[in-house]
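Written below as structure tokens is the structure these notes are about.
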């Protein structure tokens, strides 16, 4: 399995998704498998390829994020209801750097930028203190592109780090 493992105080793993078995959550494994299916032989799928009815199992865990450039910013078109419940904040129709505390926005921005630059999905397991609560979670970050090369959308799937 190919890994790009980086460690920090709250980052337990960060890696390209070469092997679905590294993902603990059934929901996230199925979400990545669906992304791979709609991608086909292309580098990444388009947003139009994604049919929410085909991913009903993951809908509350998914956020849809627009990639804006010059400067690089991330705009949440939709923040999944289960993500809102987990973190206690709704980023829908807001920029990441305006919605989240700066240290958490910086961590997410680094991860999102990595996916934008490489055009490949990433998987992370994280633990942070957020609003005075310790939160463990898993996240997959999946790139989408209208032209097949430049990432213009991200979808994240975030679940608590436990069996789902």
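Just a few scattered comments:
- In region 148-164, residue surrounded by the fewest Cβ atoms within 10 Å (Cβ to Cβ) [restricted to those that are modelled with pLDDT of 95 or more and in a loop (DSSP other than H, G, I, E, B)]: 150
- Residues located in region 23-65, provided they are in contact (Cβ under 8 Å) with a residue 40 or more places away in the chain, assigned to a helix (DSSP H, G or I) and within 23 Å of residue 161 (Cα to Cα): 26, 27, 28, 31, 32, 35, 58, 61
- Sub-7 Å Cβ pairs linking a first residue in region 107-134 that is modelled with pLDDT of 90 or more to a second residue that is surrounded by fewer than 14 Cβ atoms within 10 Å (Cβ to Cβ) and outside any strand (DSSP E or B), at least 6 apart or interchain, are 113/72; 119/43, ordered by first then second residue.
- For residue 81: the one exception among (1) at pLDDT below 95; (2) farther than 17 Å from residue 155 by Cα; (3) exposed (fewer than 15 other Cβ atoms within 10 Å of the Cβ): (2)
Conditions tested, residue by residue: (1) modelled with pLDDT of 95 or more; (2) within 16 Å of the chain's Cα centre (by Cα).
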| site | (1), (2) |
| --- | --- |
| 5 | no, no |
| 12 | no, yes |
| 19 | no, no |
| 23 | no, yes |
| 30 | yes, yes |
| 38 | yes, no |
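- Scanning region 110-130 for residues that are touching a helix residue (DSSP H, G or I) at 6+ places or on another chain (Cβ under 8 Å) and either loosely packed, with under 13 Cβ neighbours inside 10 Å or assigned to a loop (DSSP other than H, G, I, E, B) (or both) yields a count of 1.
- Inspection of region 88-102 identifies at least one residue that is touching a strand residue (DSSP E or B) at 6+ places or on another chain (Cβ under 8 Å), buried (at least 19 other Cβ atoms within 10 Å of the Cβ), modelled with pLDDT of 95 or more and not in a helix (DSSP H, G or I).
- For region 66-76, filtering for residues that are out of contact with any helix residue (DSSP H, G or I) (no Cβ under 8 Å at 6 or more places or on another chain), free of Cβ contacts under 8 Å to residues at least 60 places away in the same chain and not in a loop (DSSP other than H, G, I, E, B) leaves 1.
The values are calculated or read from the model by the stated rules, or taken from the named source; none is laboratory data. Model, not experiment: these values are computed from the prediction. Every residue, glycine among them, receives a Cβ derived from its backbone with ideal geometry; neighbour counts consider all protein chains shown.
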